[in-house]
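A short worksheet on the structure shown next.
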Amino acid sequence: MRAVLRAQGLSVRYGHRTIFESVDASFDAGSLVALIGPNGAGKSSLLRVLAGTQRPSAGSLERHAGAALVATALPLPPDVTPAQLSGYVLALRRPWWLVRQTDAERASIAAALERAGLRDRADDAAATLSSGEVQRAWIAAALATDAGAVLIDEPTTHLDVRYQLEVLRTLKTIARSGIAVVAAIHDLTLAARFADSIALLAGGALASGPPAAILRAPTLTHAFGVEVATYTDAEGYVVCTPR
């Protein structure tokens, strides 16, 4: 697969505190990567660095396509529609002298809403949308920019099980369309179920690989500081439970 983002020796420090250092990682088109790790490990910082909204303290990053960062915890004003949200994001990237939305932008918005499963709700106010649909509206806004990589911070936060599954299925479908998707996820079992690979950020270092290789009880216990048991279910997916 083609690498969309490639990081070499990335480090982030805040003052005298090192969050992570010497991180090497590659994120491929068509792959969904679950970024996991304890609170404070630097998952959000890494996503911002990958997206280009934060400079690393050291290291380099190669981008072979545009990257869009999605912070789905942000609320939407109750009267804003998914189509308007995507239009606003595109307007931020439009040259200042172009006031009106172009035909190409309208086509990008329509395509993004289709891919996010919101075609029939494109013009409905946020107040009438489910929590899962609001999350997918943010994802559609990122897709409208024609990004080759979508970096999404905690897309399942505050969602019940139904909407968690809905959002993760959407991300999986988007990845399969040829986009590199990196999602910070707290639920380890859901990460194992949907991700093609796992990136574990803990103790200032990043380890990545297939779910079965990373989601091992000793590794998780050490990373999270609490005993974690794992087993493989009847469908072959890793299940993680704290003890």
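Where a number appears in this text, it was derived from the coordinates with a stated rule and is not lab data. What you see is a predicted model; the values in this text were computed from it and never measured. When we count neighbours, we look across all protein chains shown, and the Cβ atoms used for this are built from the backbone with ideal geometry, even at glycine.
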Inter-site label distance for Ser177 and Ala111 at 7 Å from Cα along Cβ, in nm | 0.9 nm
Any chance you could list P(r) for segment 81-146, counting all Cα-Cα pairs in 10 angstrom bins from zero, rounded to whole %?
-> 24, 54, 19, 2
Can you tell me the relative contact order of segment 54-124? Whole percent, Cα pairs under 8 Å, sequence separation 6 or more.
-> 40 percent
Reference-scaled alpha-carbon Rg (2.2 N^0.38 Å with N residues) for the chain | 1.02
Of the chymotrypsin sites (Phe, Trp or Tyr not before Pro) in segment 88-153, those whose Cβ has at most 15 other Cβ within 10 Å and which sit in DSSP loop = Trp96, Trp97
Give me the number: length gained by fully extending Asp233 to His64, i.e. 0.36 nm times residue separation minus the C-alpha to C-alpha distance, one decimal in nm.
-> 57.1 nm
Please give, to one decimal in nm, the separation of the simple spin-label points placed at Ala127 and Ala213, each 7 Å out from Cα toward the Cβ.
-> 5.1 nm
If r is the Cβ-Cβ distance from Arg119 to Ala91 and R0 is 22 Å, what FRET efficiency results, to the nearest 0.05?
-> 0.55
Could you grab the relative contact order for segment 98-243? Cα pairs under 8 Å, six or more apart, rounded to a whole percent.
-> 15 percent
Where does the longest stretch of the chain lie that holds no GluC sites (Glu not before Pro) found in a DSSP loop with 12 or fewer other Cβ atoms within 10 Å?
-> 1-226
For the pair Thr18 and His222, how long in nm is the line joining their label points, each one 7 Å along Cα→Cβ?
-> 1.7 nm
Per the rule of 0.36 nm per residue minus the C-alpha distance, extending Arg162 to Thr241 adds in nm 26.5 nm
Sites Arg100 and Asp146 - FRET efficiency at Förster radius 22 Å, r taken between beta-carbons, to 0.05 = 0.70
For Asp120, Asp24, order by how many other beta-carbon atoms lie within 10 Å, fewest first | Asp120, Asp24
Rounded to the nearest 0.05, what FRET efficiency do Ser57 and Ala3 give with R0 = 30 Å and r taken as the Cβ-Cβ distance? Could you check?
-> 0.85
Rounded to whole Hz and in sequence order, give me ³J(HN,Hα) for segment 229-243 from the Karplus expression 6.51 cos²θ - 1.76 cosθ + 1.60, θ = phi - 60°, writing x for Gly and Pro.
-> 9, 9, 8, 9, 7, 5, 8, x, 9, 6, 10, 10, 9, x, 10
